[in-house]
Amino acid sequence: MQKRTFVFDIEIYWNYFCIIFKEIGGKKAVFSWEMDDRGAIDTKSLRRFVLRHRIIGFYSANFDMPVLFGALAGFNCERLKEIANAIIEEGSKPWDVEKAYGFRIDRNVDHIDLFNIPKGQYGLKIYNGRLHGKRMQDLPYEPDRILTQDEMDEVYDYCLNDLDATELLFEECSKQIALREKMGDEYGIDLRSKSDAQVAEAVIKSEVASVLGYEVKRPEIAPGTTYRYNVPAYIKFKHPELRDILDIIRETKFRVSPSGNIKMPDTLADAEIKIGKGVYRMGIGGLHSSEKSTVHKAENGYFLVDRDVTSYYPAIIINQNLFPKQMGFAFQKVYQRIVDRRLAAKKEGAEAYDEIDDLKAKLEKTNRDPDAGPSLIEERIEELKNSASIFTTVADSLKITINGSFGKFGNRWSALYSPQLLIQTTITGQLSLLLLIEWLDEDGIEVVSANTDGIVIRCHEDDRDLYLDIIKEWEEATQFVTEETGYDALLSRDVNNYIAVKKDGKGYKTKGAFAIPDEGKVSVDKNPTNEIAVQAAIDHILHGTPIWATVVASNDIRRFITVRTVKGGAVDQDGEYLGKAIRWYYSTDVHDSIRYKNATAKGNHNAVPRTEGARACMELPDELPDDIDHSWYAREARSILTQVGYQRKLI
């Protein structure tokens, strides 16, 4: 029988404990256990419940599970509060708590912790805001307060709201969890609560252990250890400035910091590398160009293309036979096998989808009795859909392993830790792009932008063959593969924030501040920030739609709100506490700012940036409020156009 699934959360004070479980799907049943300083909970029924169902929490592996099993050990509120404080204030880990307080956490519980699954590590309140949860609410009382009965009821209600937020996040992460479950079945590891990087480490570590016959431990690399970069044979510059940079790199000793990271030396990080009209900067994160408020467009015989290197860092690792020293060549064997499997699955999935399209086209030309059963073509389409779905799942799961592994090469707590591999990969990526930029510039072909794994090129049609020959020669020299996307225009605030208009009306691509979800969609990866203003700017660039028309046409409050974290918490214009994660929209009826709760040394409560005229919106309304300040959003859209260098005549 399939287990029922529940989200759960715990609240603990010196004189109050509650744990609440809310069912996902099914009857939406709610079960709870409460305890104050005068009573105890029924540990038998709670233990039976926990062992019988699948439970989903947020930061629950580190906090809720130790507190839960402390409660199951019979601890009272005061003892459980001590455990909670040890975790929150002293940074104690679950195993520290087990040892200090003499109980065991059952690791066989069917439990998923959502904390690591989204990109980055943010609080539940912020994720609730990003997913447009109905109510954003901070803890109603300071955690050391002795609660009254009425206050306990308020904390219970607050806990229920956190469960709504946890359920929202679980639904958003459900595809990622399903993918982790399939991978876990293949490798015999529970991957459900792991980040992409943690999944990659677990899978590669397991596969390498199968090759070597023993488990690889994380290496001990002392701070101050230095490494040199090995220059690939194909990196040969003609430009004097590039040759000087290469000489500096050859002589540089890349040093491991006390935290285990590698930092780019100032001589390289501060260098402004000039090639043609472009200025480029190097960093451990990758190469970046330096454009500001710039527009480039395809016109007057010039075309504009984005040329990205496919799977750039994995290709470098494979081409140069790089591996963490502690894993030896077994890493390369495993890594290459994973990459090959992914490419094969991706190819077979694409072929299945192509055949589905061909069969659908053939089916449309066939006159069939609508009452007849499925034809052989329709049956084949269903077979192909199942196959394509399997291939896509395999490709997606292996992509997590390939791309996620790179984040662990710079993590001193990881079995994949390898500062030298990190340096060799990132520096090679940057020098290779600089080589391509130099080759293009030598033949008068302009590179207008560069960012980590690709460049944007502006080239005259007369030189198209020359451009393609250079790309081909570079690919042959480096053994990389590139993909091309044509643009009609590229409008950049800077290299990390831009709006690109795709060629022939095929839509647009955005990055950074201008990357917003489609209408009706959400993004768990970034805070919503005046999305209607960004959309108005995009619509104006693409179609010439008047800014005002886009702004007033929307009735979706989610497109108007902003969500952000406020250190120490914020208060509204009337002094009412809002919390550390807040949400607002701009109102025609409000003229002051939302302010920081904590006063400065001079006793002032500073304004939270960009909140003048903002009305707190901690409870999301069902309809668009009457006091929405459409003019503010129209001005913001015009400001965005200015930031990206837009002028109407350019598009």
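Please find, among Arg368, Arg380, the residue that is in a helix (DSSP H, G or I) and modelled with pLDDT under 90.
Answer to the selection: Arg380.
Restricting to the stretch 246-264, count the residues that are part of a loop (DSSP other than H, G, I, E, B) and within 28 Å of the chain's Cα centre (by Cα).
Qualifying residue count, the stretch 246-264: 7.
When the residues of the stretch 329-360 are filtered to those that are among the aromatic types (Phe, Trp, Tyr) and in contact with a Pro (Cβ under 9 Å, 6 or more places away or on another chain), which remaining residue is nearest to Arg380 (Cα to Cα)?
Tyr335
From the list Asp42, Asp9, which one is charged (D, E, K, R) and touching a residue at least 40 places away in the same chain (Cβ under 8 Å)?
Answer to the selection: Asp9.
Quick one: His591 ticks every box in (1) closer than 25 Å to Phe514 by Cα; (2) assigned to a loop (DSSP other than H, G, I, E, B) except a single one, so which number is it?
Just one mismatch for His591, condition (1).
Need the failing condition index for Glu476 against (1) crowded, with 16+ Cβ neighbours inside 10 Å; (2) in the same structural domain as Thr310 (by TED's automatic domain parsing); (3) of a type outside the set (A, V, I, L, M), just the number.
For Glu476, the failing item is (1).
Does the stretch 228-273 hold any residues that are hydroxyl-bearing (Ser, Thr, Tyr) and either buried (at least 17 other Cβ atoms within 10 Å of the Cβ) or under 23 Å from Gly410 (Cα atoms) (or both), and which are they?
Tyr229, Thr252, Ser257, Ser259, Thr267, listed by residue number.
For the stretch 600-615, what are the residues that are surrounded by 12 or more Cβ atoms within 10 Å (Cβ to Cβ), among the aliphatic types (A, V, I, L, M) and in a loop (DSSP other than H, G, I, E, B)?
Val608
Hey, Trp548 hits all of (1) surrounded by fewer than 17 Cβ atoms within 10 Å (Cβ to Cβ); (2) at pLDDT 95 or above; (3) assigned to a loop (DSSP other than H, G, I, E, B) but one; which does it fall short on?
In the conditions (1) surrounded by fewer than 17 Cβ atoms within 10 Å (Cβ to Cβ); (2) at pLDDT 95 or above; (3) assigned to a loop (DSSP other than H, G, I, E, B), Trp548 misses (3) alone.
Output the residues belonging to the stretch 266-296 that are in contact (Cβ under 8 Å) with a residue 24 or more places away in the chain, aliphatic (A, V, I, L, M) and outside any strand (DSSP E or B).
Those that are in contact (Cβ under 8 Å) with a residue 24 or more places away in the chain, aliphatic (A, V, I, L, M) and outside any strand (DSSP E or B): Ala271, Met282, Ile284, Leu287.
Would you point out the residue of the stretch 199-245, among those that are among the basic types (Lys, Arg) and assigned to a loop (DSSP other than H, G, I, E, B), that is nearest to the chain's Cα centre (by Cα)?
By that ranking, first place goes to Arg218.
If you scan the stretch 565-583, which residues turn out to be surrounded by fewer than 19 Cβ atoms within 10 Å (Cβ to Cβ) and assigned to a strand (DSSP E or B)?
Listed by number, the residues that qualify are Thr565, Lys567, Gly568, Gly569, Tyr577, Lys580.
Residues being among the aliphatic types (A, V, I, L, M) and either touching a strand residue (DSSP E or B) at 6+ places or on another chain (Cβ under 6 Å) or at positive phi (or both): count how many of those fall in the stretch 62-85.
Final tally of qualifying residues: 3.
Give all pairs with beta carbons closer than 8 Å in which a residue from the stretch 112-128 that is without any contact (Cβ under 8 Å) to a residue 40 or more places away in the chain meets a residue that is in a loop (DSSP other than H, G, I, E, B) and surrounded by fewer than 22 Cβ atoms within 10 Å (Cβ to Cβ); count only pairs at least 6 apart in sequence or on separate chains.
Gln121/Phe115
In the stretch 584-596, what residues are surrounded by 15 or more Cβ atoms within 10 Å (Cβ to Cβ) and over 30 Å from the mean Cα position of the chain (by Cα)?
Scanning the stretch 584-596 gives Ser587, Thr588, Val590, Ser593.
Give the stretch 26-38 a look and list any residue that's more than 13 Å from Leu80 (Cβ to Cβ) and surrounded by 10 or more Cβ atoms within 10 Å (Cβ to Cβ), or say none.
Of everything in the stretch 26-38, those that are more than 13 Å from Leu80 (Cβ to Cβ) and surrounded by 10 or more Cβ atoms within 10 Å (Cβ to Cβ) turn out to be Ala29, Val30, Phe31, Ser32.
Go through (1) of a type outside the set (Ser, Thr, Tyr); (2) assigned by TED's automatic domain parsing to the domain that holds Thr310; (3) modelled with pLDDT of 95 or more; (4) in contact with a strand residue (DSSP E or B) (Cβ under 8 Å, 6 or more places away or on another chain) and name the single condition Asp504 misses.
Evaluating Asp504 over (1) of a type outside the set (Ser, Thr, Tyr); (2) assigned by TED's automatic domain parsing to the domain that holds Thr310; (3) modelled with pLDDT of 95 or more; (4) in contact with a strand residue (DSSP E or B) (Cβ under 8 Å, 6 or more places away or on another chain) leaves (3) as the failure.
Since Glu299 meets every condition but one in (1) loosely packed, with under 15 Cβ neighbours inside 10 Å; (2) assigned to a strand (DSSP E or B); (3) not basic (Lys, Arg), which condition does it not meet?
It is condition (2) that Glu299 fails.
Can you go through Glu154, Glu201 and tell me which one is among the acidic types (Asp, Glu), in contact with a Pro (Cβ under 8 Å, 6 or more places away or on another chain) and touching a residue at least 12 places away in the same chain (Cβ under 8 Å)?
Testing whether each residue is among the acidic types (Asp, Glu), in contact with a Pro (Cβ under 8 Å, 6 or more places away or on another chain) and touching a residue at least 12 places away in the same chain (Cβ under 8 Å) leaves just Glu154.
With Lys297, Lys277 as the choices, which residue is modelled with pLDDT under 95 and in contact with a Leu (Cβ under 7 Å, 6 or more places away or on another chain)?
Lys297
Answer with yes or no whether Arg47 is at pLDDT 95 or above and more than 30 Å from Gln2 (Cα to Cα).
In short, no.
Out of (1) among the β-branched types (Val, Ile, Thr); (2) modelled with pLDDT under 95; (3) assigned by TED's automatic domain parsing to the domain that holds Ile24, what's the single condition that is false for Ile177?
Going through the list (1) among the β-branched types (Val, Ile, Thr); (2) modelled with pLDDT under 95; (3) assigned by TED's automatic domain parsing to the domain that holds Ile24, Ile177 breaks only (3).
The values are calculated or read from the model by the stated rules, or taken from the named source; none is laboratory data. In this text the structure is predicted, and so the values were computed from the model without any measurement. Reconstructed Cβ throughout: ideal geometry from the backbone, glycine too, with neighbour counts over all protein chains shown.
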